[in-house]
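Any read-out appearing in this document is the output of simple, stated calculations on the displayed coordinates, not a laboratory observation. Predicted, not measured: the structure shown is a model, and the values here were computed from it. Virtual Cβ from ideal backbone geometry, glycine too; neighbours counted across all protein chains shown.
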Amino acid sequence: MTTEEADVTAGSAAGQAVLCEVLDSGVAVLTLNRPERMNGWGGGLAAGFYAGLDRAEADPGVRAIVLTGKGRAFCAGADMGDLNSIGSATVQSAGDADLSAMVGERHALFLTTLTKPVIAAINGACAGIGLTQALMCDVRFAAAGAKFTTSFARRGLIAEYGISWILPRVIGWGPALDLLLSGRVFLAEEAAELGMVKEVVAPDELLPRAIAYAEDIAANCAPSSLAVIKRQVYGDAMRGLAESSGLAETLMHESMRRPDFIEGITAFFEKRSPNFPPLT
């Protein structure tokens with residue numbers, strides 16, 4: 001097992017904002033590490049977050065990624081310290097604010113472009129852009145009692161950075177409009193009922209459960225299949241049924257020409273775990 005900080009620049013505070021731990025099982029655990037700020041999303045944390053994702057994506061030994069937060073929050077939204085000047089700003093100056101400095105160099109949808117599955121272990125408060133980031137993960141687990149909110153409408157904002165696209169696809173139009181228009185707080189248990197999270201578990205069991213789920217994927221699923229399936233699912237959301245079906249047929253023929261297919265079938269008949277090679 002190795003542990004390292006997701007450095008952005010040597011010696012910078014941003015280098016400690018996100019921790020990256022690579023387990024021997026092929027799972028990378030990224031931890032948002034600003035508990036004193038409720039892991040509020042800001043430039044420093046965003047830079048460390050994307051650096052950690054880049055490192056995990058490029059590492060052939062990593063087959064799945066778990067994202068969580070340290071302390072009482074997963075990510076309680078935008079870091080209010082980065083926004084403290086807006087309260088005294090004029091309408092014109094607030095409108096001219098540099099959003100990229102707060103949000104980071106990439107949008108949350110970047111998570112959907114990774115070739116490796118990303119599992120969110122939502123340990124506490126998950127709000128605003130923190131909720132958007134969690135929804136862009138592929139699978140979500142949550143700690144019992146964790147609080148969620150979109151919050152945008154209650155701050156005079158809009159459904160930001162793709163949440164208006166992903167939330168209806170995850171939980172349906174009616175529930176999505178309820179959560180976006182009301183900005184109300186809801187708990188992990190309701191999130192599970194809505195299908196937003198896969199499971200709700202006791203707080204001390206959350207990270208082990210999410211890691212175990214990721215380890216099962218890492219041990220038993222072909223990295224090439226995972227990469228293509230993710231590309232299909234998010235890409236098909238923008239395509240019609242006939243186009244998606246035709247593309248799937250092409251991709252199926254391609255997958256059957258890879259050694260992963262032979263290994264998967266052989267392992268099944270030999271009643272053993274498959275030994276899939278890393279993604280190249």
*List every residue whose amide H lies under 5 Å from the amide H of Gly69, counting only residues 5 or more places away in sequence or on a different chain, with H placed 1.01 Å from N in the peptide plane.*
Leu32, Asn123
*Each residue of the range 40-53 in turn: what ³J(HN,Hα) in whole Hz from Karplus with 6.51, -1.76, 1.60 and θ = phi - 60°, glycine and Pro shown as x?*
x, 6, x, x, x, 5, 4, 5, x, 4, 6, 5, x, 5
*Listed highest first by mean packing, meaning other Cβ atoms within 10 Å per residue, what order do 212-219, 197-204 come in?*
212-219, 197-204
*Please give the peptides 137-145, 252-260 ranked by average Cβ packing (other Cβ atoms within 10 Å per residue), highest first, as a rough proxy for protection.*
137-145, 252-260
*Which of the lysines could a cross-linker bridge to Lys230, judged by Cα under 16 Å and excluding same-chain residues fewer than eight apart?*
Lys116
*Check the straight Cα-Cα distances from Lys147 and name the lysines below 26 Å, setting aside those fewer than 8 residues away within the same chain.*
Lys70, Lys198
_Which one, Pro223, Phe261, Leu247, is farthest towards the positive end of the dipole of the range 222-269 when Lys and Arg carry +1 and Asp and Glu -1 on their Cβ?_
Pro223
_Between the range 214-280 and the range 126-143, the Cα center-to-center distance that results, in Å_ = 25
